[in-house]
Protein chains: 2
Amino acid sequence: MDIAFAEAEAAAARGEVPVGAVVTGPDGRVLARAGNRTLEDRDPTAHAEMLVIRHAAAALGSERLIGCDLYVTLEPCPMCAGAISFARIRRLYYGADDPKGGGVAHGARVFERPTCHHAPEVYGGLDAARASSLLKGFFRSRRDG
Amino acid sequence: MDIAFAEAEAAAARGEVPVGAVVTGPDGRVLARAGNRTLEDRDPTAHAEMLVIRHAAAALGSERLIGCDLYVTLEPCPMCAGAISFARIRRLYYGADDPKGGGVAHGARVFERPTCHHAPEVYGGLDAARASSLLKGFFRSRRDG
């Protein structure tokens, strides 16, 4: 989770919404790490979770990340939750809840639908205060900026 | 929609689930066209809709596809519906309903949630019989091997 936070902080430094993510393999090794890059890449799909899933799949040469876990500093949105399901992520660990845009514990609740064919084990609220204060600080600085 | 079908047929010929998509600009010009490539690219996020959104954003140099429309042969899943929302797609036209995996008219119903900050106008059921028969034919041929 510390690596995910480092990626979130690096994203903030690039002017991106500070969200960072990591995928680890079945042996616990880091397969991919990334921060949000939607502005820099001019790609609306370039959320941290999407990037680490794509990079880990490329690293493993498989579109299914069997036995892999994903760590992210914020509750994933419906897009990322969908990708997590397709990638067959084993466990999802996330930081702050996102009542405004989340798709796991809020809104679309993607993993709870009968149309969701694979749901990871979900562990939310990890270092939630740290994740939340990182986001709040970022938006405050943009407002005051 | 004919181009989306051609892309779906090309995807089937590559052994992919036959789904095709197109993004058109505000002037109606085709900005991007793609079929599903999850197996070929070994990328669980490489659905046709994701690819055309990413390609159109790259073509326009913007992560927001203001005034752009998306055509796809199958009801988008929650991942793609999320991406369509982030990309600010104006109108979504889709072919067959997908009761098993859809995220627009079924399951997560991403656009209907208060956590969805932009919803396109949605027009479903276009050439639904054609889209549905393409998918059924594909899965039948895989079963019969």
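Within the bounds of the stretch A:85-96, is there any residue that is modelled with pLDDT of 95 or more, closer than 16 Å to residue B:83 by Cα and part of a loop (DSSP other than H, G, I, E, B)?
So far as the stretch A:85-96 goes, no, none of its residues is modelled with pLDDT of 95 or more, closer than 16 Å to residue B:83 by Cα and part of a loop (DSSP other than H, G, I, E, B).
Any chance you could count how many residues in the stretch A:92-141 are hydroxyl-bearing (Ser, Thr, Tyr), crowded, with 16+ Cβ neighbours inside 10 Å and in contact (Cβ under 8 Å) with a residue 24 or more places away in the chain?
3
Looking at (1) assigned to a loop (DSSP other than H, G, I, E, B); (2) within 10 Å of another protein chain (Cβ to nearest Cβ); (3) touching a Lys or Arg at 6+ places or on another chain (Cβ under 9 Å), can you tell me which one residue B:38 breaks?
The one condition residue B:38 does not meet is (3).
Identify all residues within the stretch B:61-88 that are more than 8 Å from chain A (Cβ to nearest Cβ) and more than 22 Å from residue A:109 (Cα to Cα); write none if there are none.
Matches in the stretch B:61-88: B:66, B:67, B:68, B:69, B:70, B:71, B:72, B:73.
I need a count of the residues in the stretch B:18-35 that are in a loop (DSSP other than H, G, I, E, B) and buried (at least 19 other Cβ atoms within 10 Å of the Cβ).
Matching residues across the stretch B:18-35 total 2.
Within the set of pairs 6+ apart or on separate chains, which have a first residue in the stretch B:32-48 that is closer than 11 Å to residue B:11 by Cα and in contact (Cβ under 8 Å) with a residue 40 or more places away in the chain, a second that is among the hydrophobic types (A, V, I, L, M, F, W, C) and crowded, with 22+ Cβ neighbours inside 10 Å, and C-beta atoms under 8 Å apart?
Every condition considered, the pairs that remain are B:48/B:4; B:48/B:8; B:48/B:11; B:48/B:19; B:48/B:21; B:48/B:34; B:48/B:72.
Could you check, for the stretch B:50-71, whether at least one of its residues is part of a helix (DSSP H, G or I) and in contact (Cβ under 8 Å) with a residue 40 or more places away in the chain?
No, the conditions are met nowhere in the stretch B:50-71.
Regarding residue B:4, is this residue in contact with a Phe, Trp or Tyr (Cβ under 7 Å, 6 or more places away or on another chain), buried (at least 22 other Cβ atoms within 10 Å of the Cβ) and facing chain A (nearest Cβ under 8 Å)?
no
Would you confirm, using the coordinates I've provided, whether residue B:54 is touching a Ser or Thr at 6+ places or on another chain (Cβ under 7 Å) and within 23 Å of residue A:49 (Cβ to Cβ)?
yes
Could you please give the count of residues in the stretch A:78-115 that are touching a Phe, Trp or Tyr at 6+ places or on another chain (Cβ under 8 Å) and more than 20 Å from residue A:31 (Cα to Cα)?
2
The values are calculated or read from the model by the stated rules, or taken from the named source; none is laboratory data. Keep in mind it's a predicted model, so treat the numbers as computed, not measured. Because the Cβ atoms are built from the backbone with ideal geometry, glycine has one as well, and the counts that use them run over all protein chains shown.
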